[in-house]
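Novice: Questions regarding the structure given below will be posed in turn.
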Amino acid sequence: MTDFTATLKNYNSSAGSRKSSKRWPIYFGLGLVTNALVWGAAIAYLTLKAPSYATEWAITMPGVSSMTKVDVPGIGGSSSQTDSPYKSESHDPRENYKFIADSEAVIAAAAQDVNIPVKKFGEPRIEVVGNTTLMIFGIKGETAQLAQEKAIALHQAFQERLDELRTQEMAAQDQTLQKLLSRSQKNLQKAQQRLSEYKATASISSVQQVQDLSVNVENLRRQKAELQAQQQQTNARLNQLSRDLELTAQEANEAFVLQADPMFQDYLTKYKQASAELVSLNSIYKAQHPQMLAKQKEIDDARTALMRRSEAVLGRPVNPREWETQINEGSSSTSAGMRQNLMQQLIAVQAENEGLVAKNRELDQQIVRLEGRLKKLSVQESTLENLKRDVQIAEAVFSSTLTQLDMSKSKVFSVYPQIQMIRPPKVPKEPSSPKTLYAILGAGMATVFLSTGCIALWLRDRHMQKAKQRKRSEPHNPLIVADSHTQNPSHISSR
């Protein structure tokens, strides 16, 4: 039985070896066919593929922000600021430009420039270089010259599209600003009309009037204070002269008038002579003596004549005591010339005092009149200032809107920044495809992988065949198992 088992194992091993040796040509043939296909495809690619040429160019977008400020003296100012396109961390304008450059409108315009269909123009390769302001463009062409022409046409179409977008943006901004400008102009005209109408009806035409009037009132008040001080001085001097002369200024003036009248002076001379003679007779005769009575009658007649003449000259009768006092004082030890001088000073001071009083009265009237006018103009000034402020605000808004309209062209570059080509497209010297080296390397690598795969499959199949042979070589015949059990007493005892 043991010999039979060994024989069976040898038979199975030889059968598996023969079967495995018959299958290896299959894997060998599979490897040849696949490698032939790979190399055939590579050769067909190199021989049948039309060559294409690629060119590249680079552009940059400046990131410097600018600010413009315009000041209008007396009205206001306006400022325009162009922000950097990279101000926002979550927004990169180069991504927008990438979308615009790859749009159908730009590609169609570029294809039209080089006179080729849009489908044959191809899609450009656009790369945004991180942490820079650069964008790299690439385009392919059937010839080297065509690749450069397509690149130039695409760049020009891109710039033209940006100009169109800027024009549209400026038109939208101008339309909005024109509406604001028209509205602010109407507001300015209304404010100016209200100011003109108020100036035509009001007494005030400028704020300077109130200031000048206030200055005039203050000057008049200062003059009044000075005149009051002078009047106090003249009053004190007038009172002093009146006390010294025991006369008022009016009495002194009347005395000078009477002195200038010859008839009054004639009567006064007769009166003085009669009075002097009466004094002489009084020392000789008694009062009832006929000469004394006759002289007294002469004196009375002279007094009556003086009273009549003074009434005719002065318009009122003069009390005899007044000119009698003058006569007595004139005959005293005081010099007549000095007294006349004092009387003249008294009259002059009185005249000066009356002039000051008249001036003070006139100043009071002027001050009252100007203060009333000042109060009225002050009320009108407030309204005038409000109207002027409205005009200034309207002018500031109008000028600011007008300035913004002029500066709107600079603001559009914050939305669509300018671009600058820093590396122009060149005529490529070698085609970009097909690449012979890449095709050969690819085919070689494919050959290595396919051959390795076929060998791995063959080895796997061989290993599986050997495993099957080992399973077949194990004793599975029941007769052999039973015989082995009968011949093995230890096995039986164990059971």
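Novice: Given the criteria touching a helix residue (DSSP H, G or I) at 6+ places or on another chain (Cβ under 8 Å) and either of a type in the set (Lys, Arg) or open to solvent by 10 Å² or more (accessible area, probe 1.4 Å) (or both), does LYS119 qualify? Break it down stepwise before answering.
Specialist: Numbers: touching a helix residue (DSSP H, G or I) at 6+ places or on another chain (Cβ under 8 Å): no; either of a type in the set (Lys, Arg) or open to solvent by 10 Å² or more (accessible area, probe 1.4 Å) (or both): yes.
Taking the combined requirement at face value, the residue does not satisfy it.
Novice: Filter the stretch 381-416 for residues that are at pLDDT below 75 and hydrophobic (A, V, I, L, M, F, W, C); which is least open to solvent (accessible area, probe 1.4 Å)?
Specialist: My answer is VAL412.
Novice: Taking the stretch 310-326 only, how many residues are within 16 Å of ASP261 (Cα to Cα) and either modelled with pLDDT of 80 or more or loosely packed, with under 15 Cβ neighbours inside 10 Å (or both)?
Specialist: 5
Novice: For the stretch 352-389, which positions are among the basic types (Lys, Arg) and farther than 21 Å from GLN223 by Cβ? Show your work before the answer.
Specialist: Filtering the stretch 352-389 for residues among the basic types (Lys, Arg) gives 359, 361, 369, 373, 375-376, 388-389.
Hits for the stretch 352-389 are LYS376, LYS388, ARG389.
Novice: I've got another one for you. Within the stretch 177-186, does at least one residue satisfy the condition of being of a type in the set (S, T, N, Q), open to solvent by 30 Å² or more (accessible area, probe 1.4 Å) and in contact (Cβ under 8 Å) with a residue 24 or more places away in the chain?
Specialist: In the first step, residues of the stretch 177-186 are kept if they are of a type in the set (S, T, N, Q); the result is 178, 182, 184-185.
Of the ones still in play, those that are also open to solvent by 30 Å² or more (accessible area, probe 1.4 Å) are 178, 182, 185.
Narrowing the set further to residues that are in contact (Cβ under 8 Å) with a residue 24 or more places away in the chain leaves 178, 185.
Yes, because at least one residue in the stretch 177-186 is of a type in the set (S, T, N, Q), open to solvent by 30 Å² or more (accessible area, probe 1.4 Å) and in contact (Cβ under 8 Å) with a residue 24 or more places away in the chain.
Novice: Hey, another quick one. Which condition does VAL427 not pass, out of (1) open to solvent by 60 Å² or more (accessible area, probe 1.4 Å); (2) of a type outside the set (D, E, K, R); (3) modelled with pLDDT of 80 or more; (4) out of contact with any helix residue (DSSP H, G or I) (no Cβ under 9 Å at 6 or more places or on another chain), if it passes all the others?
Specialist: So VAL427 meets the others, but not (4).
Novice: Inspect the stretch 92-106 for any residue being within 36 Å of the chain's Cα centre (by Cα), surrounded by fewer than 12 Cβ atoms within 10 Å (Cβ to Cβ), modelled with pLDDT under 90 and in a loop (DSSP other than H, G, I, E, B) and give the result as yes or no.
Specialist: no
Novice: When both residues are 6+ apart or on different chains and their Cβ atoms are under 7 Å apart, which pairs have a first residue that lies in the stretch 269-296 and is closer than 22 Å to MET307 by Cα, and a second that is among the polar types (S, T, N, Q)?
Specialist: LEU278/GLN296
Novice: Further question: If you go through the stretch 127-154, how many residues are open to solvent by 20 Å² or more (accessible area, probe 1.4 Å) and closer than 19 Å to ILE59 by Cβ?
Specialist: 13
Novice: Any residue in the stretch 460-471 that is closer than 16 Å to ILE26 by Cα sitting within a Cβ distance under 7 Å of a residue that is hydroxyl-bearing (Ser, Thr, Tyr) and part of a helix (DSSP H, G or I)? List the pairs, counting only those 6 or more apart or interchain.
Specialist: ARG462/SER20; GLN465/SER20
Novice: Identify the residue in the stretch 353-380 that is free of Cβ contacts under 8 Å to residues at least 60 places away in the same chain and open to solvent by 60 Å² or more (accessible area, probe 1.4 Å) and, among all such residues, is nearest to the chain's Cα centre (by Cα). Let's see the steps before the verdict.
Specialist: We begin by selecting, within the stretch 353-380, every residue free of Cβ contacts under 8 Å to residues at least 60 places away in the same chain; these are 354-355, 358, 361-362, 365, 368-369, 372, 375, 379.
With the extra rule that they be open to solvent by 60 Å² or more (accessible area, probe 1.4 Å), the set shrinks to 354, 361-362, 365, 368-369, 375, 379.
Values: GLU354: 65, ARG361: 57, GLU362: 55, GLN365: 52, VAL368: 48, ARG369: 47, LYS375: 38, VAL379: 33 Å.
Looking at the filtered set, the residue picked out is VAL379.
The values are calculated or read from the model by the stated rules, or taken from the named source; none is laboratory data. Every value quoted in this text rests on a predicted model; they were computed, and no experiment measured them. Because the Cβ atoms are built from the backbone with ideal geometry, glycine has one as well, and the counts that use them run over all protein chains shown. In case anyone asks, the SASA skips ligands and DNA or RNA and just uses the protein heavy atoms, side chains included. Shrake-Rupley method; radii C 1.70, N 1.55, O 1.52, S 1.80 Å.
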